[in-house]
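Encoded as structure tokens, the structure appears first; notes follow it.
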There are 2 protein chains.
Amino acid sequence: MSLEKGMLIVLSGPSGVGKGTVRKAMLQDSNIKFEYSVSMTTRNIRPGEKDGVDYFFSSKESFEAEIANGGMLEYAKYVDNYYGTPLRRVQETLANGTDVFLEIEVNGAMQVREKMPDGVFIFLTPPDLASLRSRITGRGSEDQTTIDKRMEKARQEIKMMSNYDYAVVNDEVSLAVKRIEQIIKSEHLRVPRVIGSYYKMIGDK
Amino acid sequence: MSLEKGMLIVLSGPSGVGKGTVRKAMLQDSNIKFEYSVSMTTRNIRPGEKDGVDYFFSSKESFEAEIANGGMLEYAKYVDNYYGTPLRRVQETLANGTDVFLEIEVNGAMQVREKMPDGVFIFLTPPDLASLRSRITGRGSEDQTTIDKRMEKARQEIKMMSNYDYAVVNDEVSLAVKRIEQIIKSEHLRVPRVIGSYYKMIGDK
């Protein structure tokens with residue numbers, strides 16, 4: 001029996017930063033106990049994929065019905081297909097005292113933040129701080145338009161970051177995983193998350 | 001050169017919980033870089049103590065002058081002697097990008113919270129959650145007055161806890177130290193602490 005409710009952990013970040021790789025490494029890691037929330041999609045199943053493992057595969061009609069019923073924690077439409085996180089499973093797992101781990105796009109993460117503000121929102125950032133400037137200016141051979149574009153992209157990414165609780169640099173997958181684990185462990189020690197169980201312990205509330 | 005300001009870490013908790021022991025173990029640990037803030041006192045130096053190591057030993061007059069000048073981050077008077085934390089050293093160390101670690105009584109911690117709200121406030125709690133109830137009811141042989149007193153004490157301690165960011169159980173010193181280290185590492189990844197350096201990196205602000 002767990003006195004404490006599970007914690008929602010949301011990993012997101014700009015596209016191409018390596019969210020999926022970090023998530024897969026997290027799942028292989030046995031140190032931390034959590035349940036990965038499998039997304040639901042209307043796209044066709046591909047060879048080698050398993051329903052309920054890679055995705056929950058769904059028809060367009062039933063996905064839209066879920067949306068209409070408020071059954072999606074977040075969702076998006078890409079190239080005519082829906083992708084999203086079914087809400088009920090997340091709620092049930094949290095109620096059982098197990099942490100839930102989501103790896104989703106930034107727009108989805110902001111939808112989750114609206115609905116579950118006490119989640120832990122982690123922004124995965126490109127390789128490292130110091131490389132940001134060189135990433136922008138390139139090898140010195142870039143024209144001003146390219147530099148401006150990259151600058152604007154970096155600015156957008158940092159702006160996105162401001163909506164998150166933590167920024168984790170993805171310089172090395174194993175290091176990023178370690179940092180996320182530390183965040184999870186330390187978030188479990190946050191007073192607002194544990195004080196209720198102390199009060200229950202002495203019979204107050 | 002550090003882009004990030006140092007972080008103030010405050011360890012406190014009810015008397016008798018083992019703050020001093022955990023602090024000493026923290027100081028011996030080489031994993032984490034921080035500076036321990038040596039307290040100032042007006043009590044006499046004892047055999048084996050070193051000025052500037054165990055305490056900064058001061059006269060009553062100059063301690064009171066510091067208070068009057070706003071030079072103390074926190075202070076208290078016990079049995080006619082002052083104890084407190086000199087502010088300037090803390091500020092300088094933080095400005096240099098080094099974390100500062102304080103181990104102080106709960107009243108002092110609340111004074112620090114007022115002045116430096118972006119510090120990390122860690123409450124060390126008695127051995128373990130499950131023992132709280134047995135600590136209160138004893139071996140069943142306690143009279144109601146004793147139980148009521150312990151209950152009230154536990155209630156007060158939990159109330160104190162609510163003013164802190166984290167609750168760390170002191171079941172085993174090495175485990176408590178590990179938890180504190182995790183908190184420190186993960187607090188350094190908090191977006192409000194790092195986003196400024198990202199903006200600086202791209203030349204904004």
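The values are calculated or read from the model by the stated rules, or taken from the named source; none is laboratory data. Just so it is clear, the structure is predicted and the values come from calculations on it, not from any experiment. Note that we place each Cβ from the backbone using ideal geometry, even for glycine, and neighbour counts take in every protein chain shown.
Taking the listed residues B:Lys159, B:Lys185, B:Lys200, B:Lys178, the one that is more than 7 Å from chain A (Cβ to nearest Cβ), in a helix (DSSP H, G or I) and within 20 Å of A:Phe123 (Cβ to Cβ) is B:Lys200, with no other qualifying. Of all residues being touching a helix residue (DSSP H, G or I) at 6+ places or on another chain (Cβ under 9 Å) and more than 7 Å from chain B (Cβ to nearest Cβ) in the range A:188-197, which is modelled with the highest pLDDT? Just the residue, please. This residue is A:His188.
Considering the range B:108-120, and only residues there that are of a type outside the set (A, V, I, L, M), closer than 18 Å to B:Ser162 by Cβ and outside any helix (DSSP H, G or I), the residue that is modelled with the lowest pLDDT turns out to be B:Pro117. For first residues located in the range A:51-77 and free of Cβ contacts under 8 Å to residues at least 40 places away in the same chain and exposed (fewer than 12 other Cβ atoms within 10 Å of the Cβ), partners that are hydrophobic (A, V, I, L, M, F, W, C) and part of a loop (DSSP other than H, G, I, E, B) and lie 6+ apart or on another chain with Cβ distances below 9 Å form the pairs A:Asp51/A:Ile45; A:Gly52/A:Val38; A:Val53/A:Val38. Within the range B:4-28, being in contact with a Gly (Cβ under 8 Å, 6 or more places away or on another chain), at pLDDT below 90 and within 14 Å of another protein chain (Cβ to nearest Cβ) holds for one residue alone: B:Glu4.
Every test in (1) crowded, with 16+ Cβ neighbours inside 10 Å; (2) over 12 Å from the mean Cα position of the chain (by Cα) is passed by B:Leu8 save one, and that test is (2). Scanning the range B:126-156 for residues that are at pLDDT 75 or above and within 8 Å of chain A (Cβ to nearest Cβ), which turns out surrounded by the fewest Cβ atoms within 10 Å (Cβ to Cβ)? In this case the residue turns out to be B:Arg155. Inspect all residues belonging to the range A:97-116 and state whether any of them is of a type in the set (Lys, Arg) and under 19 Å from the mean Cα position of the chain (by Cα). Yes, the conditions are met somewhere in the range A:97-116.
Restricting the first member to the range B:37-50 and to residues that are at pLDDT 95 or above, and the second to residues that are among the basic types (Lys, Arg), the beta-carbon pairs closer than 6 Å and six or more apart or on different chains are B:Thr42/B:Lys60. Determine, yes or no, whether A:Ala68 is out of contact with any helix residue (DSSP H, G or I) (no Cβ under 7 Å at 6 or more places or on another chain) and of a type outside the set (Asp, Glu). Against the criterion (out of contact with any helix residue (DSSP H, G or I) (no Cβ under 7 Å at 6 or more places or on another chain) and of a type outside the set (Asp, Glu)), A:Ala68 qualifies. With respect to (1) within 17 Å of B:Lys19 (Cα to Cα); (2) in contact with a Pro (Cβ under 9 Å, 6 or more places away or on another chain), the lone exception for B:Arg179 is condition (2). With respect to the conditions (1) more than 7 Å from chain B (Cβ to nearest Cβ); (2) among the β-branched types (Val, Ile, Thr); (3) within 16 Å of B:Tyr166 (Cα to Cα), A:Val173 lacks only one, and its number is (3).
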